[in-house]
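Quick notes on the structure that follows.
The values are calculated or read from the model by the stated rules, or taken from the named source; none is laboratory data. Remember, predicted model here, so these are calculated numbers, not experimental data. Positions of Cβ are backbone-derived with ideal geometry, glycine not excepted, and every protein chain shown enters the neighbour counts. Each accessible area value is taken on the protein alone, full model and side chains, heavy atoms only, with ligands, DNA and RNA left out. Shrake-Rupley method; radii C 1.70, N 1.55, O 1.52, S 1.80 Å.
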Amino acid sequence: MKMLCHGIDISNNDVSCSDSLIQNVEKSLYKIKEAGASQALLSNITGDDIVITAVIEDDDLVEIVNKSIFDVFKDNALGFDDLNGVGLKREDAGEGISYVELELNPDFYPDAVVISFDTYCGEYFVENVAKSAVQAASNMDDVYNVESSITDGIKHIPGVGYVSNQTDDPVIVANVTDVEQVGVVAGAMIGAILGNKNTYLVKRHTPINVIPGSVIFSATAIMNGNLIDLAEYFSFRSQILSK
């Protein structure tokens, strides 16, 4: 049982995703379920990046479901740089899809926290930001597994191709086996990220309206197949109470 996350920029600008692009991708998610996924969600929209997250119960479906996700991107793309960065051979790998393949605990619901980044001249430090969130979630109670899309070299995406370590805008996924601990895990990851310089939590589908040298991120909880944008919840919980 696995969760497959694909982050990509298929927008036609550098700061946001149009409503029509989002609507078209959402209308195409059924094709991923037809390929064998039990869940297919547009989990994150962060600046000009989107993340499709799918759950498969049969590991033999990794290649065909990955290919269906790639096809959804290709069929709806307005910008093609990241798609063209996926090489069919290792030597052709470039800046492409941010890919996470996460083993899930088959004894529990596939609940998870998915974090997606977008950078505006913050590429040089976003990797360390993402690593801090992975470290925060690692070894926490009720975190079965946590992975990021960061790679030191060439990454193979089964059924799709190869991408290089030039791929920025990381994706992080943590599988949480106790639904009441989702907030605890997400809080630890978000707190670790916000401890880094020039890094901002945003609501899902927010443009990257920041000065250059900055990073934004969205945080989504997937619980029983439902999406919850955690930005509003954590912004409310972070209010300073008056005397």
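So, of the residues in segment 1-41 that are part of a strand (DSSP E or B) and among the hydrophobic types (A, V, I, L, M, F, W, C), which turns out to be surrounded by the fewest Cβ atoms within 10 Å (Cβ to Cβ)?
Looking at the filtered set, the residue picked out is L41.
Condition check: in a helix (DSSP H, G or I) and crowded, with 17+ Cβ neighbours inside 10 Å. Does V62 satisfy that?
Considered against the rule, which asks whether it is in a helix (DSSP H, G or I) and crowded, with 17+ Cβ neighbours inside 10 Å, V62 comes out as yes.
Among all residue pairs at least 6 apart or on different chains, which show Cβ distances below 6 Å where the first residue, located in segment 221-243, is assigned to a loop (DSSP other than H, G, I, E, B) and at pLDDT below 95 and the second is of a type outside the set (K, R) and surrounded by 15 or more Cβ atoms within 10 Å (Cβ to Cβ)?
The qualifying pairs are N224/Y109; G225/Q39.
Out of all the residues in segment 68-87, is one or more open to solvent by less than 70 Å² (accessible area, probe 1.4 Å), of a type in the set (D, E, K, R), within 20 Å of V163 (Cβ to Cβ) and in a helix (DSSP H, G or I)?
yes
One line per residue, one yes/no per condition, for (1) within 22 Å of I52 (Cβ to Cβ); (2) open to solvent by 30 Å² or more (accessible area, probe 1.4 Å); (3) outside any strand (DSSP E or B); (4) without any contact (Cβ under 8 Å) to a residue 24 or more places away in the chain:
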| residue | (1), (2), (3), (4) |
| --- | --- |
| E101 | yes, yes, no, no |
| Y109 | yes, yes, yes, no |
| D118 | yes, no, no, no |
| F125 | no, no, yes, no |
| N128 | no, yes, yes, no |
| Q135 | no, yes, yes, no |
| I150 | yes, yes, yes, yes |
| D168 | yes, yes, yes, no |
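Pairs needed: first member in segment 37-55, farther than 21 Å from D81 by Cα; second member anywhere, of a type outside the set (A, V, I, L, M) and open to solvent by 10 Å² or more (accessible area, probe 1.4 Å); C-beta distance under 6 Å; at least 6 residues apart or different chains.
S38/E57; Q39/G225; A40/K33; V55/S38; V55/Q39; V55/P110
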